[in-house]
Structures are given as structure tokens and as C-alpha cells.
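Visitor: To start, I am sharing the structure in question, which I have written as C-alpha cells.
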Amino acid sequence: MAKTKELKTDDPALEQPQQMSEAEKKIQEANSTPVAVQTAESTEERGITGMLNDIVLTALNKRASDIHLEPHEGKMVVRYRIDGILKDVYNIEKKYEETLVFKVKVNAKLRTDEHFAPQDGRIRFNFDEKLDTRISILPTAKGEKVVIRLLSQRGRSFKLSDLGFRENELKMVKKAYMKPYGSIFASGPTGSGKTTSLYAILQTINSREINITTVEDPVEYEIDGVNHVQINKKGGLTFGDGLRSILRQDPDVIMVGEIRDSETAKIATNAALTGHLVLSTIHTNDAVTTIPRLIDMGVEPYLVATTVNLVIAQRLARKIDESKKQAKKLSQEEYDELKLYRPDIAAHLKVGDTVYEPEAPKGTATIEDGYKGRVGLYEVLEVSEEIRKIIITGANTDQIYNQARKEGLKLILEDGIEKMREGVISLSELIRVTALKE
């Protein structure tokens with residue numbers, strides 16, 4: 001397929017609600033100019049196809065992870081999530097909304113006559129590279145909202161050394177994945193890069209001598225030589241069922257997309273106990289609380305102590321664009337405000353310290369905002385013999401935390417402070433992605 005022309009989303013006109021977008025101009029041109037082709041599509045349909053392709057290709061070139069097509073009164077707003085932040089890009093006239101959503105449904109093989117229930121599907125776009133996308137449609141008061149997740153390999157690094165780990169943390173991670181059994185957990189909120197960290201480990205250990213199988217919902221990226229299993233709840237394939245089936249496939253390494261319930265936690269723990277290396281994600285705020293979380297799910301403390309090798313807690317922070325980085329001294333006023341609202345950060349700084357921010361945009365801001373790419377902020381808990389003993393005796397979170405700190409556990413905030421001092425991230429970004437520990 002010919003390369004689709006990229007929308008000029010950095011044109012100020014496209015960011016003004018009153019202005020017509022390039023996509024709208026394109027469809028109007030298509031509607032008014034007959035094209036002699038052998039196809040059953042109408043001229044307007046061809047215009048909608050071009051509009052959808054332009055929206056997706058532009059998002060791909062802007063390094064967006066998601067596209068939001070949001071229905072509003074009198075218009076549909078197109079937003080891109082770039083480096084974790086949603087940006088308004090341009091508007092589409094309301095009269096094209098229904099046709100555009102219809103086109104998405106047709107391409108995703110969804111029901112076109114269903115307007116009041118959520119639907120999920122997939123579309124493959126054929127640009128210069130094949131691009132798989134995941135489609136989610138949700139009915140709202142103003143119409144059907146569409147979210148398109150871009151599952152692109154472009155620019156995606158699966159090298160552990162590129163993710164932001166410190167040298168000592170990389171050594172702990174390597175020590176954990178070199179063990180033939182046990183488990184490694186990546187914890188954090190949605191969108192914190194947990195799956196990317198686990199994929200980086202899989203990419204590192206992947207070889208023809210071992211059998212690696214994953215069970216995921218959804219399978220977002222594929223690694224050559226790794227067996228990826230897609231969860232299908234409608235077909236009765238859950239994480240628990242998938243994990244049981246994988247264990248009958250003679251695996252060496254298993255990745256479970258997420259530990260969501262007691263059943264999955266117990267099966268994964270037993271797999272880690274019986275000679276398999278198990279990788280998984282889990283939703284906890286920090287590394288230490290992963291231990292009591294597993295126990296709360298019904299896994300016996302002695303099994304947790306025996307099987308867990310490592311826990312990686314993480315957040316993703318936007319990196320300052322090197323060409324737009326500016327150093328400044330922390331003023332008394334800024335320090336006082338930090339001390340009031342973020343005393344945890346203020347405790348690591350003093351008036352006059354050098355901090356970094358991207359330069360203020362000149363004129364109309366582009367959707368990049370002075371940031372480019374993201375880096376992980378990490379908290380890596382290695383489960384030592386002392387910590388194992390504490391877990392078995394039924395110790396609480398504070399006791400595990402205190403022992404881990406004695407052994408050198410660095411918190412996410414502390415890693416963020418270091419990366420801020422190095423000029424990798426800004427002070428405002430550190431404030432945004434970290435939170436006070438209750």
C-alpha cells in the first residue's frame with residue numbers, strides 16, 4: 001500500500017477548535033472528486049478510509065501509544081497519548097463521526113448494528129510496515145468513543161540496559177533471571193512499563209535451547225521464538241486455564257500477563273516451585289507490598305518466601321528533549337512550595353540546587369511539549385535469605401521494608417531524584433509521576 005500522507009498535526013491551525021483539520025479537507029476533496037477505480041466503496045467511503053489511515057499513521061509517526069476518538073457536542077475530538085500524556089490534536093466535524101466509527105467497526109469485524117454495548121477487536125493497517133492495533137469501543141452520552149492502541153515495534157527497545165536500570169539493579173535482575181526456577185514480578189499501576197520490563201528479560205534469555213511460553217491479555221508484542229498465548233474469555237481460556245495448559249507444554253520459562261486472582265497466583269507459585277522460571281506483573285504500589293499481596297491472594301507465606309526471586313516496582317517518566325533542556329536554580333519560593341506539598345521530595349533538595357525543565361514553548365505549543373521518550377524509575381527488591389526468614393515468620397510489611405532498606409533498597413522516589421539531578425527528567429515530571437507514601 002502506498003505511504004499515506006502524514007497529517008500536519010504540529011500546524012497551529014489544527015489545534016484550534018474552530019479550524020478544519022487536514023483530514024476533513026482530505027475527505028471533502030475525496031467527496032467532490034470522482035475517482036475511477038474498481039471498488040464497491042462509495043467516494044465518501046474512500047474518503048473515510050483515507051481519514052482513518054491518516055489518523056493512525058500520524059499517531060505512529062508521533063510515537064503515540066493510543067488514539068482517542070471522543071464524541072462531543074457538534075464535533076469529534078482526536079487525541080493522541082504520547083509518552084503517557086493525552087494531547088488534543090484536532091477536531092473532526094460531527095457529520096463524519098458515524099461513518100468513521102462504522103468504518104472502524106467493519107475493519108475490526110465488530111457488530112455495526114450495536115451502539116449501546118462495549119466492543120473490542122483488532123485491525124491491521126498496511127503502511128510501509130504492518131501495524132497491528134487493538135480497538136475498544138464504548139458507548140457514551142454523546143456517542144460511541146473509540147480507543148485505538150498501537151501495537152508497533154517501531155522504536156521499541158527490549159534491551160534491559162536501555163530502560164533506565166542502574167548497574168547494581170541490572171546485576172540483581174540478571175541474577176534473578178539466571179536462576180532456573182522461581183519468580184520475578186514487575187509491579188506498578190497501569191501504564192508504568194511493567195510488561196516492557198518483562199519482555200526485555202524474555203528477549204535477553206530467549207534462545208533455541210529453552211521453551212518460553214507466555215499467556216497474555218492481550219498479546220501486544222511478539223518475540224521470535226517465544227510462544228504467545230492470547231486469553232479468550234468468551235472461549236473459556238482464562239489466565240488460570242492458560243497457565244495449566246502451558247505447564248503441559250514442557251516449558252522452561254513462563255510469562256503470565258498479570259496475576260489477577262487467587263487461582264492464577266497459586267498456579268504460578270507452584271510452577272515456580274517445580275522447576276520453572278515464572279515472570280508476571282502485579283498491581284501493587286511498591287516492591288515490598290507485593291509480598292503481602294501474594295499472601296492475601298492465598299499463597300502460603302513459606303511458598304512466597306521460597307519462590308519469589310525479585311520484585312521490580314516502577315513508574316515511567318518523560319525524558320527532557322536534550323535540545324530543549326534548561327538548567328535553573330531552585331528558588332526559595334519553589335522550595336517552600338515543595339516543602340508544603342511534597343515534603344518527601346523537599347527532603348532531598350535545598351535552595352539553590354540545580355534542577356531541570358524543558359524550555360518554555362514559543363508561540364503555539366506543539367504536542368511534544370519539550371519531552372521526548374520515557375525512562376523508568378525503579379525500586380528493585382532482591383529477596384535475600386534474611387527477607388525469606390522474615391516472610392516465613394509472618395512479618396508485616398514494615399519489617400520486610402526495614403530489612404530491605406538495611407540491604408540497600410533504593411525507592412522509586414530516590415531513583416527519580418538521581419535522574420532529575422542528572423538532567424534526565426524534570427522536577428515537574430518527578431512530582432507528577434511519584435506520590436506521597438501513605
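The values are calculated or read from the model by the stated rules, or taken from the named source; none is laboratory data. Remember, predicted model here, so these are calculated numbers, not experimental data. Here the Cβ is made from the backbone with ideal geometry for all residues, glycine too, and neighbour counts use every protein chain on show. Heads up: the accessible areas ignore ligands, DNA and RNA and are worked out on the full protein's heavy atoms, side chains in. Shrake-Rupley method; radii C 1.70, N 1.55, O 1.52, S 1.80 Å.
Visitor: Search the range 368-384 for residues that are within 27 Å of L310 (Cα to Cα) and touching a residue at least 24 places away in the same chain (Cβ under 8 Å) and pair each with any residue that is small (G, A, S) and surrounded by fewer than 21 Cβ atoms within 10 Å (Cβ to Cβ) when their beta-carbon atoms are under 8 Å apart and the residues are at least 6 apart or on different chains.
Guide: Final answer for the pair search is R374/G84; V383/A305.
Visitor: Considering only residues that are polar (S, T, N, Q) and closer than 19 Å to E337 by Cβ, which ones fall in the range 385-438? I'd like the intermediate steps shown before the answer.
Guide: Taking the range 385-438 and keeping what is polar (S, T, N, Q), we get 393, 396-397, 399, 402-403, 426, 428, 434.
Hits for the range 385-438 are S426, S428, T434.
Visitor: Oh, and also: Tell me yes or no: at least one residue of the range 82-103 is among the small types (G, A, S), in contact with a Ser or Thr (Cβ under 9 Å, 6 or more places away or on another chain) and at positive phi. Show your work before the answer.
Guide: Start the filter on the range 82-103 by keeping residues that are among the small types (G, A, S), which leaves 84.
From what's left, in contact with a Ser or Thr (Cβ under 9 Å, 6 or more places away or on another chain): 84.
Okay, now just the ones that are also at positive phi, so 84.
Yes, the range 82-103 has at least one match.
Visitor: Scanning the range 235-253 for residues that are charged (D, E, K, R) and not in a helix (DSSP H, G or I), which turns out farthest from T213 (Cα to Cα)? Steps first, please.
Guide: Of all residues in the range 235-253, those charged (D, E, K, R) come to 241, 244, 248, 250, 252.
Okay, now just the ones that are also not in a helix (DSSP H, G or I), so 248, 250, 252.
Numbers: R248: 11, D250: 10, D252: 8 Å.
Within the range 235-253, the match that is farthest from T213 (Cα to Cα) is R248.
Visitor: Which one of I259, I291, I312, I267 is on the phi < 0 side of the Ramachandran plot and in a strand (DSSP E or B)? Working first, answer last.
Guide: Numbers: I259 fails: in a strand (DSSP E or B); I291 fails: in a strand (DSSP E or B); I267 fails: in a strand (DSSP E or B).
The match here is I312.
Visitor: Go through the range 137-180 and give me each residue that's among the hydroxyl-bearing types (S, T, Y), at pLDDT below 95 and farther than 14 Å from L198 by Cα.
Guide: Of the range 137-180, the ones among the hydroxyl-bearing types (S, T, Y) are 140, 152, 157, 161, 177.
Imposing the further condition that a residue be at pLDDT below 95 reduces the set to 152, 157, 161.
Selection gives S152 alone.
Visitor: Return the residues of the range 365-415 that are over 30 Å from E429 (Cβ atoms) and in contact with a Ser or Thr (Cβ under 7 Å, 6 or more places away or on another chain); say none if nothing qualifies.
Guide: Across the range 365-415, there are no qualifying residues.
Visitor: So how many residues does the range 119-169 have that are in contact with a Pro (Cβ under 7 Å, 6 or more places away or on another chain) and loosely packed, with under 15 Cβ neighbours inside 10 Å?
Guide: So the count comes out to 2.
Visitor: Any idea which of (1) open to solvent by 60 Å² or more (accessible area, probe 1.4 Å); (2) outside any helix (DSSP H, G or I) is the one G408 doesn't satisfy?
Guide: Among (1) open to solvent by 60 Å² or more (accessible area, probe 1.4 Å); (2) outside any helix (DSSP H, G or I), the lone unmet condition for G408 is (1).
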